[in-house]
Ligand SMILES: [Zn+2]
Ligand SMILES: [Zn+2]
């Protein structure tokens, strides 16, 4: 980009229309995925799409990776989109999906990068073991092909399923899961599970703000919050695109009761992914962004001052 911003803006319809959109609205979306995890658009395309829709405050929260944040931040700066670097860790607690979002991360923090590389290595080992099991079941697929099918995204069981379809062993991804890849089926290998406390610890290491995602998947929401507060949970995803207004209100009351920052977003993965997950369609108040940024600034100030990381309750009281 050798051109000056002004010259580029006149010639680039996305830049021009995004500046117009910024004047008319300031929609916020704090939960989106790119093809660096399991979304359809590249990080830059996602930011472009957000700008076109008037989503001028945007967080990218790919699963277990910060790999898309550099490209997204660069494109956001070009288009005048206010960008919030994020991540979403997937963890399981018994039968429940407990996902932890992290915001305003220092995404080049070496300890975070090391931990993410270890998680990635564990994922690859798991997929290798699944491929080995398939070979023993007389359904050989090439590990290399599975990795190719994942493209820039994170390798997972859906890509094994697609390799199995190519080889003619199964009809569909669902068929592959039902017969071979799901829990309890012959090619299933359990994943080394990340606990939510560890996810929060990693986010805090990178001086980010940890938030409990789409709380309705977590079982007893209040019990989960109580469990995670001592680790440093600071927010609750209240304004989730798939939830109705009554649910938003209910979750808001819980967030207020625990002094948690209410955040929100669409969980956009691309067009036609799931109803309610349309980019920019979740009603996220500007207050969410202000409070996230205040919290991040306080965490930074506190760590720069070298104060201990204990006494989270007092910290939350100050941050709330
Ligand atoms: Zn999630
Ligand atoms: Zn998500």
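The values are calculated or read from the model by the stated rules, or taken from the named source; none is laboratory data. A quick note: this is a predicted structure, and the numbers were derived from the prediction, not measured. All Cβ positions, even for glycine, are placed from backbone atoms using ideal geometry, and neighbour counts span all protein chains on display.
Scan the range 94-115 for residues that are buried (at least 16 other Cβ atoms within 10 Å of the Cβ) and either in a strand (DSSP E or B) or without any contact (Cβ under 8 Å) to a residue 24 or more places away in the chain (or both) and jot them down.
Within the range 94-115, 98, 99, 100, 101, 102, 103 meet the criteria.
Only one of 163, 176, 199 is outside any loop (DSSP other than H, G, I, E, B), surrounded by 15 or more Cβ atoms within 10 Å (Cβ to Cβ) and under 20 Å from the mean Cα position of the chain (by Cα). Can you tell me which?
When all the criteria are applied, what remains is 199.
Search the range 77-93 for residues being outside any strand (DSSP E or B) and either touching a residue at least 40 places away in the same chain (Cβ under 8 Å) or in contact with a helix residue (DSSP H, G or I) (Cβ under 9 Å, 6 or more places away or on another chain) (or both), and hand back the single one that is surrounded by the fewest Cβ atoms within 10 Å (Cβ to Cβ).
Applying the filter and picking the extreme gives 80.
Among (1) away from ligand 1 (no atom under 15 Å from the Cβ); (2) closer than 15 Å to residue 284 by Cα, which single condition is residue 241 missing?
So the condition that residue 241 fails would be (1).
How about the range 119-153: which of its residues are within 18 Å of the chain's Cα centre (by Cα) and either in the same structural domain as residue 72 (by TED's automatic domain parsing) or within 30 Å of residue 225 (Cβ to Cβ) (or both)?
Hits for the range 119-153 are 119, 120, 123.
Can you name the residue in the range 221-233 that is without any contact (Cβ under 8 Å) to a residue 60 or more places away in the chain, under 16 Å from residue 95 (Cβ atoms) and touching a helix residue (DSSP H, G or I) at 6+ places or on another chain (Cβ under 9 Å) and, of all such residues, is nearest to ligand 1 (Cβ to nearest atom)?
Filtering the range 221-233 for residues that are without any contact (Cβ under 8 Å) to a residue 60 or more places away in the chain, under 16 Å from residue 95 (Cβ atoms) and touching a helix residue (DSSP H, G or I) at 6+ places or on another chain (Cβ under 9 Å), the one nearest to ligand 1 (Cβ to nearest atom) comes out as 221.
Could you list, in sequence order, the residues of the range 57-74 that are away from ligand 1 (no atom under 16 Å from the Cβ) and surrounded by fewer than 22 Cβ atoms within 10 Å (Cβ to Cβ)?
Matches in the range 57-74: 57, 67, 70, 71, 73, 74.
Can you pull out the residues in the range 55-76 that are within 16 Å of ligand 2 (Cβ to nearest atom) and in contact with a helix residue (DSSP H, G or I) (Cβ under 7 Å, 6 or more places away or on another chain)?
58, 60, 64, 65, 66, 68, 72
Kindly provide the set of residues from the range 259-278 that are within 22 Å of residue 102 (Cβ to Cβ) and without any contact (Cβ under 8 Å) to a residue 40 or more places away in the chain, ordered by number.
If the condition is that a residue be within 22 Å of residue 102 (Cβ to Cβ) and without any contact (Cβ under 8 Å) to a residue 40 or more places away in the chain, then 262, 277 are the ones that fit.
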